Amino acid sequence: VDIANGLPSFTTVGLPDGSVRESKDRVKSAIINSGYKFPSRRITVNLAPGDLKKEGTAFDLPIALGLLAAGEIIPQQSLDRYAIVGELSLDGSVRPVRGTLPIACSTLNNGLKGLILPQENAEEAALIKNLDILPVEKLYEIVEILSGRQPMVFFHAKVKPLAPPSYSTDFSDIKGLGNAKRALEIAASGMHNVLLKGPPGAGKTLIAKALPSILPDLNNEEKLETSKIYSVLDYNNRDSALVLCRPFRAPHHTISDAGLIGGGTIPRPGEVSLAHNGVLFLDELPEFKKHVLEVLRQPVEDGLVTIARAQTSITFPSRFMLVAAMNPCPCGFYGDRVNECHCNDLQIRRYLSRISGPLLDRIDMNLEIAGIKFKQLNGLEKGDSSSQIRDRVNKTRKVQERRFQKFPGIHANGLMGAKEIDQICRICDKSRMLLEKSVQRLGLSARAYHRILKISRTIADMENSENILFQHVAEAVQFRRSAA
């Protein structure tokens, strides 16, 4: 901030958006209403670097303090070791802003001592250890502190006991669907993508919504990663700044490609990033626009999505389990034993062609779900609960974590690349002959072949088997037959 002689003006340079340009009116009123004199001179605010677009109201407080420092109301050196964010009200109150968590991470990584921010954002920023958090409610308050007239009182978060994650659907409440439960346990154990195909009312959506209840709990690093994304969009729960449960995102089929992948003039995370470390559920898969589905290829394969604009390029994390559900035909009853299908071959082919082969090839497991019989629906017998299944999944994941200690960025079988598959997924001659016949008869691609090996490795890990046996490969092949 520079104050020079000349006609009174207030100029902001450095590619500010509308909300940043409007900050001059908020800053002026906040300074005057806080009891300080606003300089009637030529004011220039420079937002560096000048080639990066600036957005949001978080610049209000730093601009105001920069003005007061340039006017020698507060010492300039008092600002040197702090990052400052906050929106100002006209009366000088400091309002909360979004994106506090990644800002706090950046503050620490850039070697600054602490972060001055609104009181409402203090708990979220305190998730970053070894960083001094100085929360403020009024502009007058922070001026008094930086001038040395009041002591600095840093924020210390109270340690709250974390409640165990709660889920609306438990696997024990789902009647029948034994094969589907087995398949989802395999998927959860190895972080594999799943396609559920079956008639309406077969339980596809129900069992997909129960999937997060059997996934391993988020570790501290995953909680922080996920919370950063939600902080950027101001989606964090006000009761807890930390995301405690694995995300489950189920966007409607009318979503745009920008809503799914992310985008905008200044790129923002989309649903694939909000599902990071969790589950992305696409119900009625063929009803999604074809070009929207095609943009899923990169995040499904690479675990990240890059959004390029003329002025910038941003990469967001998107490591998620993809679970999709669809009917076998437009009416939904093709192959059903009870209800008659009224679709002709052309309609069925046209319906299925809405999903491209390359996208289907990136889905590990393809599962046919038949309708539930009345005896199963009305029966009293319950299967394993979600907690019992999650215990088994955790044991399998620990086996994989030990195996992949020497492979950075990989913690589950579903994340293996071709190089890791060659080293880890070795099979016997009998299994190799089965795979050869399967590839020839089903017309499987090299990617599908590798996915069968990854599923086989997961099934072997579930049985605590060091080697992949013939029965493991045979079961894995069953999950590719319906895709052919």
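Observations, loosely collected:
- Whichever residue in region 186-230 is within 16 Å of residue 388 (Cβ to Cβ) and either open to solvent by 20 Å² or more (accessible area, probe 1.4 Å) or among the hydroxyl-bearing types (Ser, Thr, Tyr) (or both) and, among such residues, is modelled with the lowest pLDDT: 217
- Flag for residue 403 being open to solvent by 10 Å² or more (accessible area, probe 1.4 Å) and touching an Asp or Glu at 6+ places or on another chain (Cβ under 6 Å): no
- In region 336-351 there is no residue matching the filter, namely being in contact with an Asp or Glu (Cβ under 9 Å, 6 or more places away or on another chain), touching a residue at least 12 places away in the same chain (Cβ under 8 Å) and open to solvent by less than 20 Å² (accessible area, probe 1.4 Å).
- Listed by first and then second residue, the pairs linking a residue in region 263-279 that is part of a loop (DSSP other than H, G, I, E, B) to a residue that is of a type in the set (Asp, Glu), with Cβ atoms under 6 Å apart and 6 or more places separating them unless they lie on different chains, are 266/55; 277/222.
- Residue check, residue 448 in contact with a Lys or Arg (Cβ under 8 Å, 6 or more places away or on another chain), small (Gly, Ala, Ser), touching a residue at least 40 places away in the same chain (Cβ under 8 Å) and not in a loop (DSSP other than H, G, I, E, B): yes
- Residue list for region 69-103, restricted to those being among the hydrophobic types (A, V, I, L, M, F, W, C), open to solvent by less than 40 Å² (accessible area, probe 1.4 Å) and part of a loop (DSSP other than H, G, I, E, B): 74, 85, 97
- Yes/no for residue 241 being open to solvent by less than 20 Å² (accessible area, probe 1.4 Å), touching a Lys or Arg at 6+ places or on another chain (Cβ under 7 Å) and more than 21 Å from residue 415 (Cβ to Cβ): no
- Of all residues making up region 8-42, the number that are on the phi > 0 side of the Ramachandran plot and of a type outside the set (A, V, I, L, M): 2
- Tally, over region 413-461, of residues that are in contact with a Leu (Cβ under 8 Å, 6 or more places away or on another chain), closer than 18 Å to residue 300 by Cβ and surrounded by fewer than 19 Cβ atoms within 10 Å (Cβ to Cβ): 2
- Residue within region 39-53 that is surrounded by fewer than 19 Cβ atoms within 10 Å (Cβ to Cβ), assigned to a loop (DSSP other than H, G, I, E, B), out of contact with any Pro (no Cβ under 6 Å at 6 or more places or on another chain) and among the acidic types (Asp, Glu) present: yes
- Complete set of residues in region 104-131 that are buried (at least 17 other Cβ atoms within 10 Å of the Cβ) and either over 27 Å from the mean Cα position of the chain (by Cα) or in a strand (DSSP E or B) (or both): 114, 115, 116, 117, 118
- Of all residues assigned to region 332-340, at least one qualifies as being modelled with pLDDT under 90, more than 19 Å from the chain's Cα centre (by Cα) and closer than 18 Å to residue 208 by Cβ.
Matching residues to (1) surrounded by 14 or more Cβ atoms within 10 Å (Cβ to Cβ); (2) among the basic types (Lys, Arg); (3) more than 17 Å from residue 363 (Cβ to Cβ); (4) at pLDDT 95 or above:
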position	(1), (2), (3), (4)
291	no, no, yes, no
297	yes, yes, no, no
304	yes, no, yes, no
309	no, yes, yes, no
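- Given (1) crowded, with 22+ Cβ neighbours inside 10 Å; (2) in contact with a strand residue (DSSP E or B) (Cβ under 8 Å, 6 or more places away or on another chain), index of the condition residue 247 fails: (1)
- Test for residue 181: is it open to solvent by 10 Å² or more (accessible area, probe 1.4 Å), touching a residue at least 40 places away in the same chain (Cβ under 8 Å) and touching a Leu at 6+ places or on another chain (Cβ under 6 Å): no
- Filtering region 133-147 to residues that are open to solvent by 50 Å² or more (accessible area, probe 1.4 Å) and either without any contact (Cβ under 8 Å) to a residue 60 or more places away in the chain or under 31 Å from the mean Cα position of the chain (by Cα) (or both) leaves 137, 141.
The values are calculated or read from the model by the stated rules, or taken from the named source; none is laboratory data. Since the model is a prediction, treat every value here as computed from it, not as a measurement. With ideal geometry, Cβ positions are generated from the backbone for all residues, glycine too; neighbour counts draw on all protein chains shown. With ligands, DNA and RNA removed, areas are computed over all heavy atoms of the protein, side chains included. Shrake-Rupley method; radii C 1.70, N 1.55, O 1.52, S 1.80 Å.
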